[in-house]
Every structure is written in C-alpha cells, then in structure tokens.
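The values are calculated or read from the model by the stated rules, or taken from the named source; none is laboratory data. Treat the numbers as computed from the prediction; the structure is a model and nothing was measured. Note: ideal-geometry Cβ built from the backbone for every residue, glycine included; neighbour counts use all protein chains shown.
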Protein chains: 2
Amino acid sequence: MDTRNDTFQALAAEASRCRAMIRRGEHTGPTAGLAPGCVQANLMILPRSLADEFLLFCQRNPKPCPVLAVTEPGRYDVPQMGRDIDLRNDVPRYRVWRNGELAAEPASLTDFWRDDLVSFLIGCSFSFEEALLADGIDIRHISEGRNVPMYRSNIPTAGTARLHGPLVVSMRPMPAADAIRAIQITSRFPAVHGAPVHLGDPALIGIRDIDRPDYGDPVTIRPGELPVFWACGVTPQSVIDTVKPEFSITHAPGHMLITDVSNIRLATL
Amino acid sequence: MDTRNDTFQALAAEASRCRAMIRRGEHTGPTAGLAPGCVQANLMILPRSLADEFLLFCQRNPKPCPVLAVTEPGRYDVPQMGRDIDLRNDVPRYRVWRNGELAAEPASLTDFWRDDLVSFLIGCSFSFEEALLADGIDIRHISEGRNVPMYRSNIPTAGTARLHGPLVVSMRPMPAADAIRAIQITSRFPAVHGAPVHLGDPALIGIRDIDRPDYGDPVTIRPGELPVFWACGVTPQSVIDTVKPEFSITHAPGHMLITDVSNIRLATL
C-alpha cells in the first residue's frame, strides 16, 4: 500500500505517465513543462573507471554538480527517484560520446548499453525556476521562449587528478528586489544549484560579452536589471569534455529525465 | 530559579551590568561593542495620542520598523527584554523633541517623563552585523571606524493618516559573493530589518550621490563591490519628523538600549 498522500501520488503518476510516453517514442522533444512539480534531472553516464573520480569531483563542487542519485554499475533502474525508471529509454534524446566526440543522438540506449556504466542523476534548475515563477518573478529565457544563456566563467572548480576546468554559469536578469528574493528562494534548493554565485558586473567572473553566451541563447537585459549567475549543470559535461573519455552518455540539452520526486521534497527549511 | 542555560544567563548578566554602568553615568558614549551577543534596540517614545498610529505604521512597514516591544502608557520597565530595564536611565544619551525641534540631549529622562508616554523598542542592525562579521564579511563602516552611511531613498513607506515619508536605507558595500551571503544571513533576521531592499545602482532608488549620505558617514566602495541597501531604523524618526509632534523622545544616534535578549533569539530557522 502506498502511504504517500494523494497530491504526492498524483505527481508521481503524472511523472510516470510522461516517462511511459517518452519510452514509447510519443514525446521526442524537450521536457520543459512536462510533469509540473516533479524534479527533472541532468543525466551523466560514465564507465566505472571514471565514475569514482567523477563522484569525488561532484563532492567537491556541489553547486554545479548536485548529485541526486548514483546507480550501481550496469543498473538502469533508479527506484529512489521513480519506481519504473528505465535510464536506457526514459530520456527523449541522448548524446553518446566517444573520445570526446559526439557519436550519436539516439532516442534509446539499448544498442549502446554496457555493464560497466554508472549513471549520475544531477539536479537541474527547472526545480528552482518553478519556485521563482510561483513567486511572480519573470524568468527572461522562459518569457522570451529561449534556452537559458550559459557562460564559461573564470571561477575555477575544485579539481581532482583528471577532472578540472572552469565553472559554467547560467544567467537570469532581474531587478534588484527580485534578485534579492531569488537568492532567498534558491538558497532553499541546494540540491538544484542553490544560491547564485555572482550578480552584477559579468567581467568580474571573466564574461566578456553578456550578449554572446557560450551555450544557450542570449536574452534581453532591461535597464536597471542585474544579471544574476547560478552554477550550471553544464559544468560537469564541460569538465568531462576536457578528459575526452573513451565513452560517455549524457541527455541532449533540455531533454531531461523526469522523476517521481516533487520539487518541494528538495527544499530545505 | 532561572532555567536558562549558563550561556544565556551570562549574556543577560553582561547586558544588565552594562545598563547599570550607563544608569550610574559611568558610560556616556555610543554602545557599539558593549554586551556582544545581546540585542541593542532603537528607542522611540511617543505620547499615547500618536502611539497607536505609530504602531499601525510599524505594522505596515516591518522592514524599517521591526517592533521588538511596546510598553503600556507611562511604564518604563520592559521585563520581556530585560528584567531590570529602566527606560528613563538606561540609554547613555537621549534626544528630547518638542514640535519637531531638538529641545534637549539629556543622559536621563527623569525630568521629562510623562504618564502618557508609550515606548517602542525597535530592532537595530547591530544584531545582523554581528552575524555578518562572524561569517568573515568585512563591514566597511566598522573597519573604517565610521558611522554607517544612510540615505533617504525614493522608495515610499506604506503610510497611515498622518505618518508617511520615504524609506531611509543604510548601505554596506561588498563583493557580489559576500552580498549573496549577506542576503542569506540577514534573511534570517526579520526582527532587525531582514534582507536588503536593494543592491547595485543607487540611482534606481533615488540616491544621487553615494558619497554624500543624508545621515552617517561616507565609506569606501572598492572596485568590483556592490552597494547593498537595507531598510534603516532611522526611517521611523524621519517619518515622525514630518508630523512634528508636540513631544517625543528618541535615543541619540548610536546610543542604544542594551537588552538581555541574545541576537540568536531573533534568528529564524
């Protein structure tokens, strides 16, 4: 018997329905807006030989790499994040990398799966954006229908023997009063990047041209608004890129894993 | 029997010792640094005829006017804030106002007391500054040995029939990462002004020259630092000024009422 309340069960049921739709190939696009209220996760799949070091990297860099779950080698279920998750088929589009080069963008991993693969589910800013929207804050890339702008900063991550590189940050412009409120709200979500790492002058963290993001799309910054920068889940991908592992798999940008966990479950206090 | 623990009792004993010293005229200067760990309060004493409206003003403006205690008319004890407080003698220097004009700066109110006076104890930023210092954040006016710079902003307060006027803000410059941390820390202290109301461009809140504060002293803003603005306890004085009441009493700037309450008692979460 499921002892969770009706709200929680309804959220999980909707998440499960979305995953099933994706698994059957009936939804092939980005997952933004699907199963509102449920945590969506970044996916990083690595051979066991690199997984331990990547976990250490995540431990040392919790803001860009908030680990929600790690599987045993070869396993593609994650029961603690959703009872029927199949990591090989539940993401609409994957990216398969060989020696640092994009080798395929399949909708299923059945042809690529290996028994030594360890999967990392990493928190994603969708969770805190939902809380910001619920407080009435305009999230520019959402209201402009674009992907969030992301930049390679000059803030170093805390490296391991092989893994190192700069912090990638996402940027959301807002008026100062909203920025203060956004700091309060996102501080409650350490499992999805938490509080910002910088706000104000982009040059202070090595960003030369705010209108030319390294990833994603530029967005409008209105007069009187401050750019606010959060640690970004693209950081681990960027760091993995630097070692060009013989094999790795990620989700395609914006094509996340939908879990049964409610966003509010990730909130502290 | 006092059931509070030894730490709490030691704080209260030190606060009581400082008040006794002040009462005997042995300490006549500002109270910054006295009884560390204890809440120091702004004092606003008004005739009953204006007190109810002032309380309503405070209710509508909790950030500049966080009320810690209100006395019954004529009472000069405040047992909930300290067991032996005598509001007529425990502040090193008072300011007595008649029709909006400064009439006296006595060290005791015994010659001025009236049975219709209502006293308001209002939270003061000393409490959150202590928490910021404990996190290693430089508070510029403290490290430069000055009074905090304060400005009349163009942010309106929520007025009552007679009481209205702009928000007065205090400013502390800091690097962005410290500003983010300061927002987190001061959010935990809603009883002493709470989170900032603005940061970044001073002109956006009507401040023309950051180097010319309306009250207090200018402080150095280093390259790359953001000015961060908090609602200020000078706001209620400034608002009371506008109605020029026939009689009122405040503490002299920096000469606060030391209470037995520990700063950590004011922290949420």
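Scoring residue B:24 on the criteria (1) out of contact with any Cys (no Cβ under 6 Å at 6 or more places or on another chain); (2) surrounded by 15 or more Cβ atoms within 10 Å (Cβ to Cβ) leaves a single failure, condition (2). Residue count for the stretch B:130-162, restricted to those that are more than 18 Å from the chain's Cα centre (by Cα) and crowded, with 22+ Cβ neighbours inside 10 Å: 0.
For the stretch B:169-223, the tally of residues that are within 12 Å of chain A (Cβ to nearest Cβ), of a type in the set (S, T, N, Q) and over 26 Å from residue B:265 (Cα atoms) stands at 0. The set of residues in the stretch A:1-22 that are part of a helix (DSSP H, G or I) and more than 22 Å from residue A:109 (Cβ to Cβ) comprises A:6, A:7, A:8, A:9, A:10, A:11, A:12, A:13, A:14. Criterion applied to B:108, B:153 was being of a type in the set (Ser, Thr, Tyr), within 14 Å of chain A (Cβ to nearest Cβ) and in contact with a strand residue (DSSP E or B) (Cβ under 9 Å, 6 or more places away or on another chain), and the one residue passing it is B:153. Within this structure, residue B:254 fails the test of being in contact with a strand residue (DSSP E or B) (Cβ under 6 Å, 6 or more places away or on another chain), under 25 Å from residue B:36 (Cβ atoms), at pLDDT below 95 and not aromatic (Phe, Trp, Tyr).
Across the stretch B:41-53, a minimum of one residue is classified as modelled with pLDDT of 95 or more, touching a Ser or Thr at 6+ places or on another chain (Cβ under 8 Å), small (Gly, Ala, Ser) and within 22 Å of residue B:232 (Cα to Cα).
Counting only residues that are acidic (Asp, Glu), closer than 30 Å to residue A:139 by Cβ and either assigned to a helix (DSSP H, G or I) or in the same structural domain as residue A:189 (by TED's automatic domain parsing) (or both), the stretch A:23-56 holds 0 of them. Would you be able to say whether some residue in the stretch B:202-225 is touching a helix residue (DSSP H, G or I) at 6+ places or on another chain (Cβ under 6 Å), crowded, with 22+ Cβ neighbours inside 10 Å, closer than 26 Å to residue B:16 by Cα and outside the structural domain of residue B:34 (by TED's automatic domain parsing)? No, the stretch B:202-225 has no match at all. Restricted to the stretch B:72-126, and to residues there that are surrounded by 19 or more Cβ atoms within 10 Å (Cβ to Cβ) and of a type in the set (Ser, Thr, Tyr), the residue that is nearest to residue B:140 (Cα to Cα) is B:125. Residue B:132 falls short on exactly one of the conditions (1) within 29 Å of residue A:193 (Cα to Cα); (2) in contact with a Leu (Cβ under 6 Å, 6 or more places away or on another chain), and that condition is (2). All conditions in (1) farther than 28 Å from residue A:222 by Cα; (2) crowded, with 19+ Cβ neighbours inside 10 Å; (3) more than 14 Å from chain A (Cβ to nearest Cβ) hold for residue B:165, with the sole exception of (2).
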